[in-house]
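One structure below.
The values are calculated or read from the model by the stated rules, or taken from the named source; none is laboratory data. Just so it is clear, the model here is predicted, and its values are computed rather than measured. Positions of Cβ are backbone-derived with ideal geometry, glycine not excepted, and every protein chain shown enters the neighbour counts. When the accessible area is computed, the model is the full protein with side chains, heavy atoms only, and any ligands, DNA or RNA have been set aside. Shrake-Rupley method; radii C 1.70, N 1.55, O 1.52, S 1.80 Å.
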Amino acid sequence: MGSRASRLLREEEIEEIKKETGFSHSQITRLYSRFTSLDKGENGTLSREDFQRIPELAINPLGDRIINAFFPEGEDQVNFRGFMRTLAHFRPIEDNEKNKNPSATEPLNSRTNKLLFAFRLYDLDRDDKISRDELLQVLRMMVGVNISDEQLGSIADRTIQEADTNGDSCISFNEFIKASFVVNIHICTVVLVLVNI
Amino acid sequence: RTLALKMAPLRRSSTLRLTGLLCLSFLVFFSRGFASHDVVSEKSSGTIQEDSHSQANSTAHKKTFPVLSFNYEHVRTPFEISLWILLALFMKLGFHIIPTVSHIVPESCLLIFVGLLVGGIIKATGEQPPVLDSNLFFLYLLPPIILDAGYFLPMRSFTENIGTILMFAVVGTLWNVFFIGGMMYAVCQIDAAELAHVDLLSCLLFGSIISAVDPVSVLAVFEEIHINELLHILVFGESLLNDAVTVVLYHLFKEFAHEQTITVTGAILGVISFFVVSLGGVMVGVIYGIVGAFTSRFTSYSRVIEPLFVFLYSYMAYLSAEIFHLSGIMSLIACGVIMRPYVEANISHKSYTTVKYFLKMWSSVSDTLIFIFLGVSTVAGPHTWNWIFVIFTVIFCLVSRVLGVIGLTAFINKFRIVKLTKKDQFIIAYGGLRGAIAFSLGFLLDNDEIKNLFLTAIITVIFFTVFVQGMTIRPLVELLAVKKKKESKESINEEIHTQFLDHLLTGIEDICGHYGHHHWKDKLNRFNKTYVKRWLIAGERSTEPQLISFYNKMELKQAMMMVESGSAAKLPTIVSTVSIRNVPTKGAPKPSRAISKSREEEIRRLLRANLQKTRQRLRSYSRYELLNDPLEDNISEARFRKQREMERRVMTEPLEIEPKCNKGVYQTVRGLSILHQNRFRTH
């Protein structure tokens with residue numbers, strides 16, 4: 001339509017994305033229109049600035065980390081496929097999917113992958129362990145500036161003490177899963193109920 | 001030893017027998033107490049007459065001074081009330097001492113049974129047993145239970161399932177009302193039943209009374225089976241929120257039955273009235289909640305009366321809603337929910353404990369009394385037993401509940417993330433217990449001939465649900481292997497991850513441009529933090545992040561547990577300033593805490609000297625005897641201490657005290673500051 005050089009999504013692409021992520025047709029088109037509205041440069045990819053333009057994200061304590069999660073290692077642009085691939089983690093878990101294809105790779109929105117996504121947001125240096133410093137950084141972001149370092153430190157210590165089972169004073173992925181087993185329920189509710197308009 | 005072992009079972013059975021005998025004798029004693037008051041009152045009035053008579057006759061005759069006189073009349077009412085409450089408490093105690101029975105039969109059944117016994121005994125002595133007065137029930141017995149439930153409502157699971165709960169409460173109850181009312185009208189048309197005088201409106205009125213799920217019964221039964229939180233909150237939430245529907249429909253049909261006509265305007269007004277009743281009730285509760293929270297900001301000046309504020313504001317919310325025929329239950333719940341986070345931040349720890357235990361105590365007593373009275377009223381009330389009416393009522397109640405749950409779940413599951421399975425549906429349907437609210441509403445009807453018929457049916461349904469469903473739900477839960485409540489300890493991990501996930505999901509929703517559940521919750525939290533908390537929470541706690549208050553609460557709990565278990569051994573994180581267990585990943589050297597021996601000796605000397613000098617003067621400062629009482633009643637006092645410590649450290653530099661103060665004071669203050677400085681150093 002006119003000057004807006006927005007590329008229309010082709011049917012084959014929609015089919016591919018559907019197979020890869022499991023989103024429905026209408027959800028994909030809706031998310032594509034959101035993608036294009038965020039893409040001010042109109043080059044089919046999003047940069048970090050495009051994300052940072054979202055006002056609510058700026059006040060979100062985890063805003064930067066969430067944005068980083070969209071960009072694969074070392075890259076500065078993300079296309080629609082990558083966008084959808086990240087969002088696919090947040091689809092509701094459907095039990096009948098498990099029976100369909102037991103030999104195929106785990107779907108992106110399985111419980112483990114959801115937890116892995118959350119874990120990676122804590123673990124910035126990707127060493128598969130949440131160290132005390134990384135935990136402190138997250139706590140500092142969530143709690144604000146008024147709390148003293150010592151108090152935050154004791155909270156971090158207690159957190160690690162509760163979760164750490166092998167005594168390395170870091171939280172590995174398995175310990176993370178176990179420590180948040182009640183939170184698993186909340187992981188199941190990680191979903192965007194995209195109404196089919 | 002074998003002899004002792006043989007004696008043990010004998011002794012146990014004799015203890016049981018003794019306890020049973022005691023209970024029975026208490027029962028007889030109490031019921032005689034209630035029944036004999038009439039006799040006693042006659043006697044006392046007789047004595048009074050005699051006295052005046054004798055006085056009038058012989059004024060000159062000196063009356064002997066009564067060393068011991070008997071006047072029961074003027075303490076009669078409080079005495080009887082206390083007797084009833086004592087009976088309830090003994091029954092409650094008795095059931096827990098005799099474990100075998102309470103394992104099979106839920107407490108509510110036993111209490112109704114006791115009520116039947118007491119009522120029977122009273123009736124056997126020829127007296128009229130007291131009936132559960134609706135006023136007494138609605139104004140005194142019901143509010144504590146609802147407040148207890150509302151104040152400790154798990155907000156997170158409640159708000160997550162609010163859609164489902166509302167669907168069940170509103171649509172489910174409406175379905176029940178019309179289904180039962182309609183079907184009972186059809187039944188009344190059968191000639192064999194001789195119920196032709198019961199018209200459609202009365203049937204619908206009956207339907208509106210009987211279809212509401214009762215929170216008291218649900219609480220009583222569900223509490224004992226420890227079912228998982230989702231099912232508990234669904235059934236319980238439904239029982240709370242359907243009050244609005246019940247109130248509206250009850251008054252509506254009562255009006256219609258009076259007028260004997262249904263008008264379209266009436267129906268429309270009914271719908272409007274529903275919104276007014278429910279939202280109005282909630283608003284009244286919110287207003288009282290905010291006022292209560294604001295008041296608690298200033299109660300630091302008189303800590304002892306703090307719990308009373310909580311109770312009174314909530315009770316006033318209930319009563320104010322009842323003035324306007326709004327939903328008192330929703331008002332009470334709203335008040336408790338709104339007030340709680342702010343009040344808890346403001347009141348002292350002791351007041352918090354008081355509030356918690358008083359609520360539990362009152363609701364427990366109320367609950368017991370309600371069931372006992374239900375039993376007594378069954379024996380008392382005039383009954384009109386009509387086989388067909390009663391049996392069909394029970395059948396239709398069950399059928400409509402099952403159909404309603406199945407139908408609604410099929411619809412709701414389209415929107416739910418965690419779908420409700422067939423097992424869940426069964427428990428929800430089976431947990432639809434009726435209780436004392438239905439009875440009291442029925443009691444308020446005024447037409448005598450139909451009223452007894454309805455009351456009998458209501459009581460039968462209540463008995464059926466409480467006895468049959470109440471007793472069988474526990475084995476069924478075991479049989480169906482329904483998920484039980486997870487015995488999860490509160491953990492800081494969980495709190496951190498929950499908040500982390502909330503932020504994450506809000507962020508994702510914002511990226512997608514989707515204004516969903518998390519978006520609005522985040523906005524509400526932000527609003528709460530910037531504006532509301534500042535107004536309603538006193539002092540610096542208003543800016544305290546949720547994580548910190550959670551952590552402090554946990555630490556306090558751990559400290560209490562530690563003291564109660566008698567071991568002060570492992571205290572990982574209660575050290576305030578330096579984290580001893582600081583194990584950094586890079587292997588940095590531990591911070592040294594060693595104080596040289598000479599320094600220690602010097603400090604000891606200073607302490608001793610100053611302590612002796614200032615002991616007399618410092619009685620008012622005894623609050624600062626910190627090390628003797630590790631459990632301050634208020635965590636803010638710990639913070640206060642920390643602050644003071646900082647101040648003292650600054651103050652030990654040249655003290656600018658006005659020369660007017662005498663030397664003694666100067667020395668005292670100086671000594672005190674050194675005392676504190678050294679105390680905290682040797683911590």
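Just to be sure, is A:ARG140 of a type in the set (D, E, K, R) and surrounded by fewer than 18 Cβ atoms within 10 Å (Cβ to Cβ)? Taking the combined requirement at face value, the residue satisfies it.
Hey, can you tell me all the residues within segment B:298-336 that are part of a loop (DSSP other than H, G, I, E, B) and open to solvent by less than 70 Å² (accessible area, probe 1.4 Å)? Spell out the reasoning first.
Going residue by residue through segment B:298-336, those that are part of a loop (DSSP other than H, G, I, E, B) are B:298, B:302, B:324-327.
Within segment B:298-336, B:SER302, B:LEU326, B:SER327 meet the criteria.
Taking segment B:474-493 as the range and being open to solvent by less than 30 Å² (accessible area, probe 1.4 Å), touching an Asp or Glu at 6+ places or on another chain (Cβ under 9 Å) and more than 7 Å from every other protein chain (Cβ to nearest Cβ) as the test, only B:VAL482 passes. Residue count for segment B:236-281 under the criterion of being farther than 19 Å from B:ILE180 by Cβ and open to solvent by less than 60 Å² (accessible area, probe 1.4 Å): the result is 10. Filtering A:GLU42, A:GLU49, A:GLU56 for residues that are within 13 Å of another protein chain (Cβ to nearest Cβ) and either open to solvent by 40 Å² or more (accessible area, probe 1.4 Å) or not in a helix (DSSP H, G or I) (or both) leaves a single hit, A:GLU56. From the list B:ARG416, B:ARG340, the lone residue that is surrounded by fewer than 23 Cβ atoms within 10 Å (Cβ to Cβ), more than 25 Å from B:VAL216 (Cβ to Cβ) and out of contact with any Leu (no Cβ under 6 Å at 6 or more places or on another chain) is B:ARG416. None of B:ILE496, B:ILE511, B:ILE537 is surrounded by 20 or more Cβ atoms within 10 Å (Cβ to Cβ), touching a residue at least 24 places away in the same chain (Cβ under 8 Å) and within 11 Å of another protein chain (Cβ to nearest Cβ) except B:ILE496. Scan segment A:141-156 for residues that are at the interface with chain B (Cβ under 7 Å from one of its Cβ atoms) and among the acidic types (Asp, Glu) and the total you get is 1.
Enumerate the pairs (first residue in segment B:99-116 and among the polar types (S, T, N, Q); second residue anywhere and open to solvent by less than 10 Å² (accessible area, probe 1.4 Å)) with beta-carbon separation below 7 Å, excluding pairs fewer than 6 apart on the same chain, so at least 6 apart or on different chains. The qualifying pairs are B:SER108/B:SER217; B:SER108/B:VAL221; B:SER108/B:PHE371; B:SER108/B:VAL466; B:SER108/B:GLY470. Answer yes if at least one residue in segment B:122-138 is surrounded by 17 or more Cβ atoms within 10 Å (Cβ to Cβ), touching a Lys or Arg at 6+ places or on another chain (Cβ under 8 Å) and more than 28 Å from B:LEU240 (Cβ to Cβ), and no otherwise. The answer is yes, given that some residue of segment B:122-138 is surrounded by 17 or more Cβ atoms within 10 Å (Cβ to Cβ), touching a Lys or Arg at 6+ places or on another chain (Cβ under 8 Å) and more than 28 Å from B:LEU240 (Cβ to Cβ).
Can we say B:VAL466 is part of a helix (DSSP H, G or I) and open to solvent by less than 10 Å² (accessible area, probe 1.4 Å)? It is true that B:VAL466 is part of a helix (DSSP H, G or I) and open to solvent by less than 10 Å² (accessible area, probe 1.4 Å).
I need the full set of residues from segment B:499-508 which are open to solvent by 10 Å² or more (accessible area, probe 1.4 Å) and facing another protein chain (nearest Cβ under 7 Å), in order please. Talk me through it step by step, then tell me what you get.
As a first pass, look at segment B:499-508 and keep what is open to solvent by 10 Å² or more (accessible area, probe 1.4 Å): B:499, B:501-503, B:505.
Result: B:GLN499, B:LEU501, B:HIS503, B:LEU505.
Of the residues examined, B:VAL461 is one that is modelled with pLDDT of 90 or more and closer than 18 Å to B:VAL216 by Cβ.
Filtered by the rule that a residue be surrounded by fewer than 23 Cβ atoms within 10 Å (Cβ to Cβ) and over 28 Å from the mean Cα position of the chain (by Cα), segment B:158-187 gives B:TRP175, B:PHE178, B:PHE179, B:GLY182, B:MET183, B:TYR185, B:ALA186, B:VAL187. No other residue among B:GLY442, B:GLY404, B:GLY432 is assigned to a helix (DSSP H, G or I), within 28 Å of the chain's Cα centre (by Cα) and modelled with pLDDT of 85 or more apart from B:GLY442. The one condition from (1) at pLDDT 90 or above; (2) open to solvent by less than 10 Å² (accessible area, probe 1.4 Å); (3) closer than 18 Å to B:GLY237 by Cα that B:PRO144 does not meet is (2). Considering only segment B:100-120, state which residues are open to solvent by 40 Å² or more (accessible area, probe 1.4 Å) and either touching a Phe, Trp or Tyr at 6+ places or on another chain (Cβ under 6 Å) or among the polar types (S, T, N, Q) (or both). Within segment B:100-120, B:THR100 is the sole residue that qualifies. Within segment A:54-63, one or more residues are without any contact (Cβ under 8 Å) to a residue 60 or more places away in the chain and more than 21 Å from B:LEU501 (Cβ to Cβ).
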